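Asker: Quick one: this structure, given as structure tokens, is what I'll be asking you about.
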Amino acid sequence: MKKVIISMLMLVTVVAAHAQGISEEYAAEVRKALQLQHASETLVETMRLQMQQLVDNGTMTVEGVNGFCQEMGDIMYPALEKRITDLYYQNLSLDELRQMNAYLSSPVGQKGIKLAPLFAAEGAKVAQSPEIQGKMMTIMSKYIKK
């Protein structure tokens, strides 16, 4: 039990130290990246496209899907912003983040951002297709503990 408590305290200390390591300048660049990526709108649009099948099969109305996705986006976005800030901090220097923002500010960067929800939704459709699902189950059965 002592080892568990000590491990937990060490983890909390590391997380706290990491959180303190993110400067306001770095956090501002992350916020800029998220704004350039239209992250809040992209989150909602990606969910909406993935839920289109609920409209197609009559389970929900367009208005219902839109309302649901907007409310969920409002709930999810603060946690998403915090997690993305941590991931950027773990993987990008401030200079690299600035370079990424320069690309995101360009016309081709903005075009890619606008297409991202469509690509994500189409990727999800492929992954959920009966052909892929059948193959996935066959492959998974080889690796499931027996």
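Asker: Dipole size in debye (nearest 20) for the chain around its Cα centre, Lys and Arg Cβ +1, Asp and Glu Cβ -1?
Answerer: 840
Asker: A follow-up question, please. What label, among (i) 0.92; (ii) 1.44; (iii) 1.08, belongs to Rg/Rh (Cα atoms, Kirkwood Rh) computed from the structure on display?
Answerer: The value matching this structure is (iii).
Asker: Can I ask one more? Looking at the chain, do any whole DSSP H helices span at least 27 angstrom along their long axis by alpha carbon and average 0.5 or above on Kyte-Doolittle, and which?
Answerer: Sorted by number, the helices that extend far enough and score high enough are 2-21.
Asker: Does a label point 7 Å from the Cα of Y103, set along Cα-to-beta-carbon, have any residues of the stretch 18-52 with amide nitrogen under 20 Å, and which are they?
Answerer: What the label zone holds, given the 20 Å backbone N cut-off, is 26-40, 42-43.
Asker: Can you sort D86, D74 by how many other beta carbons sit within 10 Å, fewest first?
Answerer: With the fewest neighbours first, D86, D74 line up as D74, D86.
Asker: Which order do the peptides 133-143, 48-58, 28-38 take when ranked by the mean count of other beta-carbon atoms within 10 Å per residue, highest first? Working shown, then result.
Answerer: On the way: 133-143: 9.3, 48-58: 14.5, 28-38: 17.3.
Highest to lowest by the protection proxy: 28-38, 48-58, 133-143.
Asker: Sticking with the crude label model, points 7 Å out along Cα→Cβ, report the distance from M72 to L94 in nm, one decimal please.
Answerer: Here the modelled spin labels are 3.8 nm apart.
Asker: What number, in percent, do you get for the relative contact order of the chain if the mean sequence gap of Cα pairs under 8 Å and at least 6 apart is divided by its residue count?
Answerer: After rounding, I find 32 percent.
Bear in mind these aren't lab numbers, they're just calculated from the coordinates by the rules spelled out. The structure presented is a predicted model; accordingly, all values stated were derived computationally and were not measured. Virtual Cβ from ideal backbone geometry, glycine too; neighbours counted across all protein chains shown.
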